Amino acid sequence: MATYNLKINDKDYSVEAEPTMPLLWVIRDIVGLTGTKFGCGIAQCGACTVHFNGNPIRSCSFPVSAAANQPITTIEGISGNNDHPVQQAWSEEQVPQCGYCQSGQIMSAVALLDKKETPTDEDINRSMQGNICRCGTYPRIRKAIHRASRIMNDNASKN
Amino acid sequence: MKAMKVNRRDFMKLSGMSGTVLALGYYFPSIAQGATVVNLENANVSGTLLNDFIYITSQGKITLVNHRPEMGQGVYQSMPMLLAEELEVDMDQVEIMQSEGDDGKYGHQLVGGSGSVRKSWEPLRKMGAAAREMLIQAAAQEWGVAPSSCYAKNGEVYNASNTKSLGYGSLVEAASKLEAPEEVKLKSKKDFKVLGTPQARQDIVLKTNGVAEFGLDIKVPGMLVASVERSPVFVGKVKSFDDTEALKVPGVKSVMKTKMPVFSSTTEGVAVVADTYWAALQGRKKLKVEWDDEAYADVSNETIFKKFKEESSKDGLVVHEQGDFGTAYESTDKKVEAIYECPFQAHAPMEPMNIVVSVTEGACELWGPIQAPNWMRGALAGALEIPKDKVTINVSFLGGGFGRRAFNDYTLEAAAISKEVGAPVKVIWTREDDTRQGPFRPASLSSLKGGLNDKGELLAFENKAVHQEMGHQWPGADKTKADDLEGAVNPYEVPNVTRRSVPQELHIPVMWWRSVYASTNGFANEAFMDELAQEADKDPIDFRLELLKNEPRYTAVLNKVKEKSGWKKDSKKGYGVAIVESFGSICAQAAILGRDSKGSLVIEKYVAVIDCGMIVNPDTIKAQIEGSIVMGLTAAMKSEITFKNGRAVEQNFDRFKMLRIHECPEIEVHIMDNEEAPGGVGEPGLPPTAPALVNAVFDESGKRIRKLPFDLNKV
């Protein structure tokens, strides 16, 4: 057991955990943020996606010992009021069905749009293929990413 | 009028309300038996539960209850929409609350068999209408006019002869003193304001910000967590286990043998119980378990399908018969025969199996993602030998169900663990547990025979399905009856038809998987119809239309899919069609294939048409069809559970492959508009997907695919 200082959604947490404990379980069971989900445990499904230093990682396969002192963002931290353009677009397109994979989908989509404000379908394929949706919301995910991009571009031109 | 009391938990749920509440209960099968006044400002509130679908406070706040588990199919919104339409309120005026599992209060609560709208269509509308009539009556009394000169709209009652109106909130106290009407008049479709409109689902916002609570997220005070090492061959026994190392893991509290009832068998295991999931999992990894599991070591995919093939020459059980297939077939000019094979499938919901159960002296409480609250409650009461009303069922959001979460195995296993440790226990399955323990969608070998005359008319048709019958797995099951009825019988007008089932027995547990036997029956039937059309030298749609000329609903759906897909207009593309009726609805799909720049086959588009009668939320229907197609394509091209040494080979998404976004085609959905009785929507979109695909592959390449899954890139 060791103590790790984690910076999650701009808050500081000091946690005691085994060095090999995946960040996913630290976030869910020690810090208590359950928006990030467990799907497979082997980085195949993307349900556990969080941002680490602004980059999407699969927290189920990321040991807590590697996560210290760098900014981590979870689904709870991408907006204060459900008003991130991706969340807005997700709602407008009615993307989620069961919703379980959607935190991971949104985190991957946010990371894509942070890097590329107007992604192509190819960009979407590349960035989103690590996120499985068993309910099959892929067509709506694609539409919502394009929609979020338009919202972000509109917001940018307004400012 | 009953005086009903509110218990602490429901009071907390209702605590956003104050003042007088008009609460309307539902006692299956009749409509509301009386309104109930609960004055929540009275501090002496305690006791039994409110059993209501509609709550209206004196401030006019309206809360509608969704009584069925929400697993993505949209009941969270569509059940309240059924109430709201007749209640004459806008969905924007409404808050939604999830009910607990209690069939005494809420009637039938199962989600499965695509039945929620079909079963609730009338009862919930009657509930809403009854409340509306009581509110109108209350307003009429206040104005001293006849109720017939009043009408309700947007949460207010209006006096038709002047501009006066009264909000529901101001009427609720008076309304609660009235007798609920025995007969109510329901609106006709042309007057619908809510039903048939695409309403935004209230649970969707919660699913975009991490707030929605799934089973895996539930925490109850004093809860321990368990991870169970179960027999990989399902029926294997625990010979012995060594928990010395497991018990040394910090956080691990105890280790014990477990039993999970699976139909007529028991799956044994060893549970590690700890204060956190991670500790339980680390403890489980350190277990040494000796299994007695040699019994089915020689069972493999090869042996299974070899046996199925041999068995296909048997007569089997008759599911449906018309005319005399044997004689007619012999006399036909053109005979076509084909064998179709479908593998076992796992449900693979994104949320792995999990449940929280707390067994105390004479009582039991459950929290989690379940599809069958009523069955679960009865099963727990039976297993624990306690009265049903001592079992409390709390239903969370489900991270997918697809039939898997309707089964009782995992909840009974968890209850036994909780009873032994004397604390609430959450059992979490790893993805490996979830994938390989089943129960599975049964594998199927279908033997099809068709006889045509020289005009290409279909005179004789036989479908013989060789697979496990789910119902035969129960103790004392009647094995003389076939169970695999979904999608078994075609609507085609063929004078001589025989549909048979040759039941097989394997140690592998099988159960409902989205669209159940329609997923395998539908594939075989519709792939074969295409082969018959080829033999008859007719276009696949024309061939089917001729056989459906006395079925106007099928004809309309097939013509619509022909029109909307631009059927065979582009000579460079491959087009395939399939039409299947299941769960009360008719769905046709056209798959359109092309080649990419590297020459590989790609699925460009799916066009789907569904006739599901009168509808609740068209956007939800489209979403369900889109999702069914993705799941159907996954089963057609990517995923299968294979067996070796009596156990499932695939354990996680590395080998049990899912369709991903880059492989998902464009999907277009059309909903037929009519006034037929509502049909199901959750499952009917899946059966046509695989046959439409293989039929399109044939159109494009001349190659027939008869075994799933197949690799599109290899065509």
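Laboratory data are not the source of any read-out in this text; all were calculated from the coordinates shown. Please read all numbers here as calculations on a predicted model, not as lab measurements. Cβ: placed from backbone, ideal geometry, glycine included. Neighbour counts: every protein chain shown.
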* Going by a ≥ b ≥ c, the root eigenvalues of the Cα gyration tensor, does the protein assembly as shown fall in the rounded group (a/c under 1.5), the prolate group (a/b larger than b/c) or the oblate group? -> rounded
* Asked: In whole Å, how far is the Cα centre of region B:77-142 from that of region B:623-644?
  -> 34 Å
* Could you put B:HIS670, B:HIS320, A:HIS51 in order, starting from the residue whose Cβ has the fewest other Cβ atoms within 10 Å? -> B:HIS320, B:HIS670, A:HIS51
* Structure fact -> As a Kirkwood estimate from alpha-carbon pairs, chain A has a hydrodynamic radius in angstrom of 15.9 Å
* Structure fact -> For chain B the mean separation of alpha carbon contacts under 8 Å (6+ apart) over residue count, i.e. relative contact order in percent, is 13 percent
* **Distance (nanometres) between label positions extended 7 Å along Cα→Cβ at B:ASP570 and B:GLU321** => 4.8 nm
* Say each of B:ASN713 and B:LEU485 gets a label point 7 Å from the Cα, pointing the same way as Cα to Cβ; how far apart are those two points in nm? -> 4.3 nm
* **Kirkwood-type radius of chain B, with distances r between different C-alpha atoms, in Å** => 27.5 Å
* How much of the DSSP beta bridge set in chain B is antiparallel, as a percent to the nearest 5? -> 75 percent
* Asked: Under 27 Å from the Cα of B:LYS288, which lysines turn up, not counting those fewer than eight places away in the same chain?
  -> B:LYS237, B:LYS239, B:LYS248, B:LYS253, B:LYS257, B:LYS259, B:LYS419, B:LYS426, B:LYS644
* Asked: Could you state the number of Å between the C-alpha centres of region B:673-715 and region B:248-263?
  -> 43 Å
* Asked: Using the C-alpha atoms of region B:480-607, what convex hull volume per residue, in cubic angstrom, is computed?
  -> 159 Å³
* Relative contact order for region A:39-159 using alpha-carbon pairs under 8 Å, separation at least 6, rounded to a whole percent? -> 30 percent
* Asked: When we measure straight from the Cα of B:LYS187, which lysines land under 20 angstrom away, once same-chain ones fewer than 8 places off are left out?
  -> B:LYS119, B:LYS126, B:LYS153
* 222 nm mean residue ellipticity, helices alone, for chain B (DSSP H n ≥ 4; -39,500 (n - 2.57); rounded to 500) -> -8500 deg cm²/dmol
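With a ≥ b ≥ c taken as the square roots of the eigenvalues of the C-alpha gyration tensor of region B:54-93, please select rounded if a/c is under 1.5 and otherwise prolate if a/b is larger than b/c or oblate if it is not?
Prolate, because a/c is 1.5 or more and a/b exceeds b/c.
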* Reciprocal of mean inverse Cα separation for region B:261-335 (Kirkwood radius, Å) -> 18.6 Å
* To do: Starting with the fewest neighbours, write out A:TRP25, B:TRP143, B:TRP474 ranked by other beta-carbon atoms found within 10 Å of each beta-carbon.
  => B:TRP474, B:TRP143, A:TRP25
* Asked: Is the shape of region B:117-267 rounded, prolate or oblate, going by the alpha carbon gyration tensor and its root eigenvalues a ≥ b ≥ c, with a/c under 1.5 for rounded and a/b larger than b/c for prolate?
  -> prolate
* Structure fact -> Most exposed to least, judged by fewest other Cβ atoms within 10 Å, B:LEU247, B:LEU708, B:LEU110 sort to B:LEU247, B:LEU110, B:LEU708
